[in-house]
Amino acid sequence: MYVSMTPMLAEAAAVGYMVGAFNAHSLEMVPPIIRAARDLGAPVIVQTSPGTARYVGMRNLVAVCRSMAEDEVVDVALHLDHATSLTDIRDAVEAGYSSVMFDGSLMAVSRNVATSRRVIDYARSRGVSVEVEIGTIGGTEEGVSSTGGLRTQPQEAVWFLEQVDADALAVSIGTSHGQFRSTTDIDLDLLSRIHQAVDLPLVIHGGTGVDEADYPSLSANGVRKFNVGTELLVGWTRQAQEQFAATEVSTSLRRNIEPCNDVVRDIVARKISLFLGETREPQ
Ligand SMILES: [Zn+2]
């Protein structure tokens, strides 16, 4: 079914696993993400930056996610990642996105509260889930850039969520956007204190830099949505560089792109298995 994040994250919390949220940078990347989830019988969140949403067309992305959710019998949410503009949020909701993130993390907190509330009032009445952020996640990824990063403080998160009735909370606990050459030391103690203080599904951004050995601890401490973007982008692009360099320019484009999509499918499958807490034999 094509759904919002809310039922997915509730089930993940009840059972004790994390839902994978995978950034698609092109329409090509969407089918392998959804098929990998289907093969594992897991729900999946496809997410796009506002830039990708404009590039592909919001209604086109909705159409593909919706039809695949029905045809492939898998729960799919389509989520707008790091929206800072109310125009982007309104257009995405009108086009049929089932979930949005309002990122007011660089605003003054009072304005983040006021704007997050407006987004939630608007989106909730249309059945669309809303993720918000408190603290600032560092690093650089398409459309998102912040130096340093300001960790989420548990008491600030409590106060924020008393003002803002969101569906999920992005937390800053040491991860960075765009990190793939190294792994990060996440602050599990901070995560645990946030989890004890707030009763809401928590979201990890910059997930590519997180050591896979830490996944069970994240899940045990309330993380229900885990974002993977950079690893898919790097995997697709590396394969494309190899592929296109090795073939004639008259080669069917499909023959060049399919191996890149297979890389995406394999990464998504591996991540979802780990998020479900399953161990798999290395392939
Ligand atoms: Zn992010």
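Residue-level check: of (1) in a helix (DSSP H, G or I); (2) out of contact with any strand residue (DSSP E or B) (no Cβ under 7 Å at 6 or more places or on another chain), Val73 misses just (1). Residue pairs whose Cβ atoms lie under 6 Å apart, sitting 6 or more positions apart in sequence or on different chains, and linking a residue in region 131-159 that is over 26 Å from Tyr55 (Cα atoms) and among the hydrophobic types (A, V, I, L, M, F, W, C) to a partner that is within 11 Å of the ligand (Cβ to nearest atom) and at pLDDT below 90, are Leu150/Thr136. Selection within region 129-153: residues that are at pLDDT below 95, touching a helix residue (DSSP H, G or I) at 6+ places or on another chain (Cβ under 9 Å) and within 18 Å of Ile194 (Cβ to Cβ). The member of this set that is farthest from the ligand (Cβ to nearest atom) is Gln153.
Residues in region 93-132 that are more than 29 Å from Arg151 (Cβ to Cβ) and small (Gly, Ala, Ser): Ala95, Gly96, Ser98, Ser125, Gly127.
Whenever a residue of region 220-242 is within 14 Å of the ligand (Cβ to nearest atom) and among the aliphatic types (A, V, I, L, M), its partners that are at pLDDT 95 or above and in a helix (DSSP H, G or I), lying with C-beta atoms within less than 6 angstrom and at least six residues away or across chains, give the pairs Val228/Lys271; Leu232/Val264; Leu232/Ile267. Of all the residues in region 1-42, those that are in contact with a Lys or Arg (Cβ under 9 Å, 6 or more places away or on another chain), over 23 Å from Tyr55 (Cα atoms) and hydroxyl-bearing (Ser, Thr, Tyr) number 1.
The values are calculated or read from the model by the stated rules, or taken from the named source; none is laboratory data. Only a predicted model underlies this, so the values are computations on that prediction, with no experimental measurement involved. In this analysis, Cβ positions are derived from the backbone assuming ideal geometry, glycine residues included, and neighbour counts consider all displayed protein chains.
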